[in-house]
Amino acid sequence: MNTLSKLTAIATVALVTFMVGCKPRGAQSAVGGDAAQKTYVAPGKYDEFYDFVSGGFSGQMSVYGLPSGRLFRVIPVFSVDPEKGYGYSEETKAMLNTSHGYVPWDDLHHIALSETNGIQDGRWVFANGNNTPRIARVDLKTFRTAEILEIPNSAGNHSSPFITENSEYVVAGTRFSVPLDNANGDVPINTYKQNFKGTVSFVKVDTSGRMSIAFQIQTPGVNFDLARAGKGKSHGWVFFSCYNSEKANTLLEVNASQRDKDFIMCVNWKKAEEYVKAGKAEKRTVAYAHNVYNENRHSATSEIEKEVLVLDPKNCPDMVYFMPCPKSPHGCDTDPSGEYIVGSGKLAAVIPVFSFTKIQKAIADKNYDGDYDGIPVLKYESVLHGEVQKPGLGPLHTEFDADGNAYTSFFVSSEIVKWRLSDLKVLDRVPTYYSVGHLSVPGGPTRKPWGKYVIAYNKITKDRYLPTGPELAQSAQLYDISGEKMKLLLDFPTIGEPHYAEAIPADLIVKNSQKIYRIEDNQNPFAAKGDANARVERKGNEVHAYITAIRSHFTPDNIEGVKLGDVVYFHVTNLEQDWDIPHGFAVKGANNAELLIMPGETQTLAWKPDRVGVFPIYCTDFCSALHQEMQGYVRVSVPGSNVPITFSTGKNEPTGPIAQNK
Amino acid sequence: MSLILKLEIMLKRIFFSVFLLVIIAFFATSCGGEGVKKDQPAVDINELTKNQPETKGAEVKETDIQITHPLNKDWIASGKTIYELKCQPCHKLSEEKLVGPGWKEVTKRRTPVWIMNMITNTDYMLDKDPEAQKLLELCMVRMPNQNLTRDEARRVLEFQRNNDGEK
């Protein structure tokens, strides 16, 4: 074979290879050759985006870096976290208080990053508790849950916490309609149509981030699913998708799928504000917990609030409209311009795209298709921008880039489909592994999408990773959307079930990230600011130990005089003022968890000894070469013992005969 | 085979090879050529975290410190408060070593500039200064940066001078 023949042969083989390489073959094939390079963030380098991912039924929120997919932190929100003492320390227990008492778990579905002028600002991230209706606010200075507000007149806070473009409100629509809190709830379940109502709540966020329920709107007994606030021209409106317009109370799988169309509910919240101001809202007596973590006192307080203002659309014309949307709409997403509202009927064969301008015109022209429980229903054709034809099976959610493109997830056909808003043409599709739920483009729900990637959050992983018994990890998948074609770059497992997530450029967060709590600003009433204040005091059958921690000892580390029947409160103050030097604290047999105390912080562990003896205490978070030596003892004596309270560090040397025997 | 025929076959082959290469280039590009935009600069973490409560000192120079007599009573008092909050767990006022060396005679053993740098530039000193490194070998615990400003460190120095009996 001469050189030319060889060249031809090599070229042919190479061509075939490349051609095959372009064709999706299965789970492995869609990855581009340079995917590793695009997601590799070298040691010591930083990711470009933070990705805040819902932890689903773990109740927590996880923080990943993009494009690497590295997990940085799991923020405890609605569930206890023994690792961090969250929900176990005396200071944090109140965070999980509700009108039902202490509820140490929830189901966290959706993420909303705070915005200013429709652009992510990196101050806070909000999340919903789906089970016992709650909204949480996480402070992005500390990556800690700063506030949790319970939602009354709600049963399953799913349609939440979607945010308005200046963070005026986060919303909360009830997934379940129920007899409301102050109605008689002891009714037959099959009286649903008479007795069950829905609500959507508008939770005001003030400049400090503090939340309060401004008002609720009582609605017909439908099930609210998701929501999006308008932006730009549609600022002042929120769009809620809902299903079960049939008002079924059993076998919803069939009975709530009867009608050809359900609704997207359009709420003019500026109008609602006027009605509240005009005194149209009814003040109702309810009970809901409002829990706030104080950054200076390092502790949470929980108050039960008693009142809420409720607007009834019957008394408030022009505030609420229903917009027909095919087949049990799920996602309901507004594009960056605020003009288009994309509905996604879970069972629909098309994606309807509504026009805000047309909605306004239909309202002005009273172009109605009757009413639903007295609320006007806008005529479908009159508000429709158009339908995306044959997009895929089971459309769920849509996000946007800055170039007029939309990305919709398809659960049933397991794919992401890219299409153009202007002419509704499908441009590209990529498979996901498997069964994608939400998807997210960095900045995708805002007026300013950062673009670059779309991340799929998948419900099922099957054979993607090494098997781990019957339960497998859920997964996220990162796709490059900077070119015309979407390209799979990476997949990574997630904590719990990932529902929604939002990604934000790292530099919007990094510059505010707190390193320590200044010990001078520590206002925890149980702080021991310096060893001079370290002490142990008895108050009846309570023993309060004010302990300091610094590399690598506790002061005091020998405590005596505790008696069986006492409750011991270890108030541990970390005197360190250096970044990334927490100390841990644990005591043998404690029926709760450890403490993890940040530099300059004070946290308290309550311990009720169950037997007489000597109990070790120690630091659980490796702090120095002598971390293992960071330990001590607590002596527990019999009830009625006359051992006095004593405490010391470095002084309690043996005395008497034993010492003399040395 | 005539020379012309041979030449023709050769040309055809060359042409075909070039044709294939062009197609390969096309596919290679379409498969992986478009990358993530590299136009954004990398995040500079040090620049972004400058406005932090944590105080990392710039090196203190000898000329930055004035040693005066009599001692400043206010500084001694506030130096004592800072000592009790941030230093006492590891440093006794006697000669006794606890986690770190006792402070008795520290102002005789060390220059003011050394002490000030040890307090405000702790990591730098532990990494670079031979005397500080000797102490690390002795104590086996890295002295933490306790987040004192230069002014606060000066007050602590005044408190140490007082502890050493200076007037």
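The values are calculated or read from the model by the stated rules, or taken from the named source; none is laboratory data. Only a predicted model underlies this, so the values are computations on that prediction, with no experimental measurement involved. FYI the Cβ positions are ideal-geometry reconstructions off the backbone, even for glycines, and counts take in every protein chain you see.
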Would you mind telling me which numbered condition in (1) part of a loop (DSSP other than H, G, I, E, B); (2) within 12 Å of chain A (Cβ to nearest Cβ); (3) over 20 Å from the mean Cα position of the chain (by Cα) B:Glu166 fails?
-> (2)
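Tell me which residues, restricted to the stretch A:611-639, are small (Gly, Ala, Ser) and either touching a Lys or Arg at 6+ places or on another chain (Cβ under 7 Å) or at pLDDT below 85 (or both). If you could, list the steps in order and put the result at the bottom.
Restricting attention to the stretch A:611-639, the residues satisfying the condition of being small (Gly, Ala, Ser) are A:613, A:624-625, A:632, A:637.
Result: A:Ser624, A:Ser637.
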Restricting attention to the stretch A:455-477, and to residues there that are of a type in the set (A, V, I, L, M) and surrounded by fewer than 24 Cβ atoms within 10 Å (Cβ to Cβ), which single residue is nearest to A:Tyr64 (Cα to Cα)?
-> A:Ala473
Name the pairs whose Cβ atoms lie under 7 Å apart, with the first residue in the stretch A:489-505 and more than 14 Å from A:Ala473 (Cβ to Cβ) and at pLDDT 95 or above, the second in a loop (DSSP other than H, G, I, E, B) and small (Gly, Ala, Ser), and 6 or more positions between them or separate chains?
-> A:Leu490/A:Gly69
Matching entry among A:Val436, A:Val426, A:Val412 (being in contact with a strand residue (DSSP E or B) (Cβ under 7 Å, 6 or more places away or on another chain), in the same structural domain as A:Leu347 (by TED's automatic domain parsing) and surrounded by fewer than 18 Cβ atoms within 10 Å (Cβ to Cβ)) | A:Val426
Exactly one of A:Asp186, A:Asp181, A:Asp225 is in contact (Cβ under 8 Å) with a residue 40 or more places away in the chain and more than 30 Å from A:Gly338 (Cα to Cα), and that residue is A:Asp181
Is one or more of the residues making up the stretch A:622-632 surrounded by 23 or more Cβ atoms within 10 Å (Cβ to Cβ) and more than 14 Å from every other protein chain (Cβ to nearest Cβ)?
-> no
For the stretch B:95-119, how many residues meet the condition of being away from chain A (no Cβ under 12 Å) and out of contact with any strand residue (DSSP E or B) (no Cβ under 9 Å at 6 or more places or on another chain)?
-> 15
Looking only at the stretch A:304-334, count how many residues are surrounded by fewer than 18 Cβ atoms within 10 Å (Cβ to Cβ) and in contact with a Ser or Thr (Cβ under 8 Å, 6 or more places away or on another chain).
-> 3
Selected residue [of a type in the set (Val, Ile, Thr), under 21 Å from A:Phe224 (Cβ atoms) and not in a strand (DSSP E or B)] from A:Ile359, A:Ile341 | A:Ile359
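Can you list the helices (runs of 4 or more DSSP H) lying wholly within the stretch B:59-156 that have 1 or more residues being at pLDDT 95 or above?
Values: elements: B:73-82, B:106-109, B:112-120, B:122-128, B:130-139.
Here the list reads B:73-82, B:106-109, B:112-120, B:130-139.
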Matching residues in the stretch A:314-329 - criterion: being modelled with pLDDT of 95 or more, of a type outside the set (A, V, I, L, M, F, W, C) and under 17 Å from A:Asn223 (Cα atoms) | A:Tyr321, A:Pro324
Does the stretch A:180-191 contain any residue that is under 26 Å from A:His438 (Cα atoms), assigned by TED's automatic domain parsing to the domain that holds A:Phe215 and outside any loop (DSSP other than H, G, I, E, B)?
-> no
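I'd like the residue in the stretch A:371-429 that is acidic (Asp, Glu), in contact (Cβ under 8 Å) with a residue 60 or more places away in the chain and not in a strand (DSSP E or B) and, out of all such residues, is farthest from A:Ile455 (Cα to Cα). Quick ask: steps written out before the conclusion?
Here is the first cut: in the stretch A:371-429, the residues acidic (Asp, Glu) are A:371, A:373, A:381, A:387, A:399, A:401, A:403, A:415, A:423, A:428.
Next, only the ones that are in contact (Cβ under 8 Å) with a residue 60 or more places away in the chain stay: A:373, A:399, A:401.
When the remaining residues are screened for being not in a strand (DSSP E or B), the result is A:373, A:401.
Values: A:Asp373: 39, A:Asp401: 12 Å.
Residue satisfying both the conditions and the ranking: A:Asp373.
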With respect to A:Glu295, is the statement that it is of a type in the set (Asp, Glu), within 30 Å of A:Asn182 (Cβ to Cβ) and in contact with a strand residue (DSSP E or B) (Cβ under 9 Å, 6 or more places away or on another chain) true?
-> no
Just one listed residue, out of A:Gly156, A:Gly173, is assigned by TED's automatic domain parsing to the domain that holds A:Phe78, of a type in the set (Gly, Ala, Ser) and without any contact (Cβ under 8 Å) to a residue 60 or more places away in the chain, and it is A:Gly156
Within the stretch A:539-549, identify whether any single residue is closer than 19 Å to A:Glu90 by Cβ and of a type in the set (D, E, K, R), and answer yes or no.
-> yes
Filtering the stretch A:269-325 down to residues that are more than 26 Å from the chain's Cα centre (by Cα), part of a loop (DSSP other than H, G, I, E, B) and not acidic (Asp, Glu), which residue is farthest from A:Val383 (Cα to Cα)?
-> A:Gly279
Would you check which residues across the stretch A:210-241 are basic (Lys, Arg) and not in a strand (DSSP E or B) and list them?
-> A:Arg210, A:Lys231, A:Lys233
How do the pairs read when you match residues in the stretch B:81-102 that are more than 15 Å from A:Thr555 (Cβ to Cβ) with residues anywhere that are part of a loop (DSSP other than H, G, I, E, B) and among the hydroxyl-bearing types (Ser, Thr, Tyr), using Cβ under 7 Å and keeping only pairs 6 or more apart or on different chains?
-> B:Gly102/B:Ser94
Which of the residues spanning the stretch A:564-586 are away from chain B (no Cβ under 14 Å) and among the β-branched types (Val, Ile, Thr)?
-> A:Val567, A:Val568
Could you tell me which residue of the stretch A:478-517 is surrounded by the fewest Cβ atoms within 10 Å (Cβ to Cβ), considering only residues that are assigned to a strand (DSSP E or B) and more than 14 Å from chain B (Cβ to nearest Cβ)?
-> A:Pro493
The stretch A:87-114 - residue that is surrounded by fewer than 24 Cβ atoms within 10 Å (Cβ to Cβ) and among the hydrophobic types (A, V, I, L, M, F, W, C) and, of those, nearest to A:Val74 (Cα to Cα) | A:Trp105
Hey, any hits in the stretch B:126-140 for a residue that's surrounded by fewer than 20 Cβ atoms within 10 Å (Cβ to Cβ), under 26 Å from A:Val572 (Cβ atoms) and out of contact with any strand residue (DSSP E or B) (no Cβ under 7 Å at 6 or more places or on another chain)?
-> yes
Give the number of residues within the stretch A:556-580 that are crowded, with 19+ Cβ neighbours inside 10 Å and more than 17 Å from A:Arg635 (Cβ to Cβ).
-> 8
Considering residues of the stretch A:68-92 that are in contact with a strand residue (DSSP E or B) (Cβ under 6 Å, 6 or more places away or on another chain) and among the acidic types (Asp, Glu) only, the residue farthest from A:Asp51 (Cα to Cα) | A:Glu90
